[in-house]
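All remarks here apply to the structure that follows.
The values are calculated or read from the model by the stated rules, or taken from the named source; none is laboratory data. Quick caveat, the model's predicted, so the values are computed rather than measured. With ideal geometry, Cβ positions are generated from the backbone for all residues, glycine too; neighbour counts draw on all protein chains shown.
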Amino acid sequence: MINQGARILVVDDETQILKLLGVTLTSHGFKVNEAATGQEALMQVSSYKPDVIILDLGLPDMDGLEVIQSLRKWTKTPIIILSAREQEHDKIIALDAGADDYLTKPFGMGELLARIRAALRHIAGLQNEPVLNFDDLVIDLAHRRVNISEKEIKLSPTEYELVKNLAIGAGKVLTHKYLLRAVWGPSYENDVHYLRVYMGQLRRKIEADPSRPKHIITEPGIGYRLL
Amino acid sequence: MLQANLRDRGLILMDRKQWKNSDTAISEEREDDFHVGPVSYFLALLLMLAVTVIAGILTPYLGLANVVMILLLPILFTAARWGTGPAVTSAAVGVLTFDYLYVHPAFAFGIPDLKYLVSLIIFLLVAFITGTLSTRLQQQVISARHREARMSALYSLSRDIAAVSELNKVAESIVNKVAEITGGKVVLLLPDKNDRLEIIGCSVPDGDSLINDNERVMFKQVFEQGNKAGGTGAPGTSDTLYLPLITDGRPRGVLGVHAGSPGFYSQPEQLMLLEAFSSLSAMAVTRAQLAEQAKTAEMLAESERLRTALFSSLSHDFRTPLSSIIGAVSELLESDAVYTPQVRKELLTSIQVGALRMNRFVSNLLDMAKLESGILQLNKEWCDIQDIIGVALGRMDYSLANSPLKIDIQQDLPLIKADIILIEQVLVNLIDNAIKYSTPGTEITISARSVGMDVYISMANRGQHIPSEDMEKIFNKFYRLKSLRRISGTGLGLAICKGFIEAHKGKIWARNDPAGGVVITFTLPVGGVIPYK
């Protein structure tokens, strides 16, 4: 199991949250260290060398964004940010600055574990795998082929690029800006309408029920994720 | 030159014809109707001479005494028609001519003519008295007509402002009416919150530039002392009449009148009319102000009522889930050994349900607070309706476990420009509402289609109907239908939907489905043209 022994650093100024996460994550097989301020977090990352960092955006001494920017100068360790509802703007900035995923408080442990697993899968080098599996959805990067329940689906070049980027993200959220840059180019990074139209087309081709998608999950105001 | 000056300052002037034709023209009538000019004298003389000649011809048949009586007729007629002056002239001319022409010796004035002096004196007296009476009568008629015109002007103004209770409209009516009557420009000044006078109504478009600093001082003085000023109408001066508007002995404002012609102020009847107007205006202004105060008080009372409803709602809707959470938790902590894993799981589930319920209430309250505070900012971007429906269904997945779902989205539904988070919340609230009020296990239908420049989205559930008088009330804050089942919730869900939809300039409404159940529909404008590159 990927989980076993993976080291997680939890950064939050609320003692209750630290205790809760510490206890639950340990029970699921992870090793957990805690930090209550931005400065502590920075020190812990270099000394403890965690595999995943869970970072609350509302820290007392430093802006969560500053912590991310500092860390990204020298490390690629996945960062999952925790923030309150209705701070979409802050979340987008954090994600664009280098955070990998986010969770909105209050969240369930199931969600947290899924995010951690996705982050660990990502750094385990799974993007170098030629074939990516998501239950009934199989994406063969080597042959540029996409299958649903073993039947091949015809995708236009743009649709394929889109699903490829989502698949390589492997369960991580990808912001609108990131997807637009990756598939259409930097000059399109604000043209959300293209993304909407193509995502709709993709959903109708891939999902059993496009109105209740199981694979292409929309994170409103932020981006998309492939599960 | 005065005319040109007044015109330059943009006054509204009416010419004589307009005056005569308007039902409030009263200032120039007097001279028109009782015209005593040289023409009258001429006509009077002509008449007298004509009758004198006729009288002379008839003398042999009727006798001198009778014929002299005939001369009275033109005198009386002249007195009635043209007044004292022409009548007296007519009398003198009549007697002298008659005497000269027809009394023996003819074509000369003789001694026996002295007895005609008596006739002359009597004729003159008759002419004079009749003329004076006639003139007075004419003046009374004119005066009565003026009074009638004044009354009708006052009636017209009071009719205009009686129905209006909005202050700005009342002010507009007043200044326009007074401007009509005086043929000049009028401003109405009322005190603002700091008791400083500001222009509320003006009969010409560019109000502020009309009043210079000196005049502002005058207005202030008149307002403070409550006495009228100005309007002396010295020829060639641009003079303003300042009339304080007084009710209950307190000045409420000032009416500034700059008459169209300087001669206006010298007519006491006009001034009386203006004063009557100012009393009427004062009452109307006071009434409008009181109406506005009443409205404000009503709004304050309403927000008081809401606050009370909020507190009682909060108290109940938080305490209920909290009590189930605290109850279950304390049991698990203290008497854990007593419970089987099954029961333990049930208790834990009830804790989860309670906590989720409280989370929803907090969200609802925050949404409501955002709407009420006016700081709601729409973060609009191009959205796919199918996408948003998918997200909302995902969020409500657990609650929808027992409800079959039918989703009907038009092919090629256009993207709409909207705040995705808010619309998602609207859908979540509508789904929650549909589940709450539907017969358990029945189908919930979501449909979306485009009609012109709008997109129509509907949520239909099977269950009880909404009574027709409540159709609109269900979108009010804290409103809850009387239902046989105890329905949880703050009663804010639909009010939040309405607030968010209307912020997008859309509409939301409910109707009963004849087959049983309710359909709630909302519209959203497409919001623009997609900028494809």
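Brief remarks on what is shown
- Restricting attention to region B:139-198 and to residues that are among the hydroxyl-bearing types (Ser, Thr, Tyr) and out of contact with any helix residue (DSSP H, G or I) (no Cβ under 8 Å at 6 or more places or on another chain), the residue that is farthest from residue B:258 (Cα to Cα) turns out to be B:143.
- The set of residues in region B:176-202 being in a helix (DSSP H, G or I) and in contact (Cβ under 8 Å) with a residue 60 or more places away in the chain consists of B:177, B:178, B:179, B:180, B:181, B:182.
Results for (1) at pLDDT 95 or above; (2) within 18 Å of residue A:217 (Cα to Cα); (3) within 14 Å of another protein chain (Cβ to nearest Cβ), shown as yes or no for each residue.
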site	(1), (2), (3)
A:142	no, no, no
A:146	no, yes, no
A:150	no, no, no
A:153	no, no, no
A:157	no, no, no
A:166	no, yes, no
A:185	no, no, yes
A:188	no, no, yes
A:192	no, yes, yes
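- Qualifying residue in region B:263-275 (condition: surrounded by 12 or more Cβ atoms within 10 Å (Cβ to Cβ) and over 30 Å from residue B:250 (Cα atoms)): yes
Let's see how each residue does on (1) of a type in the set (A, V, I, L, M, F, W, C); (2) over 48 Å from the mean Cα position of the chain (by Cα); (3) part of a loop (DSSP other than H, G, I, E, B):
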position	(1), (2), (3)
B:344	no, yes, no
B:356	yes, yes, no
B:360	no, no, no
B:389	yes, no, no
B:413	yes, no, yes
B:425	no, no, no
B:428	yes, no, no
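- Residue within region B:313-322 that is at pLDDT 85 or above, under 30 Å from residue B:189 (Cα atoms) and either of a type outside the set (Lys, Arg) or loosely packed, with under 11 Cβ neighbours inside 10 Å (or both) present: no
- Some residue of region B:330-341 being of a type in the set (A, V, I, L, M) and touching a Ser or Thr at 6+ places or on another chain (Cβ under 6 Å): no
- Strands (runs of 3 or more DSSP E) fully within region A:85-153 that include at least 1 residues being not assigned by TED's automatic domain parsing to the domain that holds residue A:23: A:131-134, A:137-140, A:145-148, A:151-153.
- From A:196, A:212, residue being part of a helix (DSSP H, G or I), facing another protein chain (nearest Cβ under 7 Å) and of a type in the set (D, E, K, R): A:196
- Cross-chain or 6+ apart pairs with Cβ under 9 Å, region B:384-404 first and more than 7 Å from every other protein chain (Cβ to nearest Cβ), then surrounded by fewer than 17 Cβ atoms within 10 Å (Cβ to Cβ) and of a type in the set (Lys, Arg): B:394/A:212; B:397/A:212
- Meets criteria (within 9 Å of another protein chain (Cβ to nearest Cβ), out of contact with any Phe, Trp or Tyr (no Cβ under 7 Å at 6 or more places or on another chain), buried (at least 17 other Cβ atoms within 10 Å of the Cβ) and farther than 30 Å from residue A:194 by Cα) for residue B:363: yes
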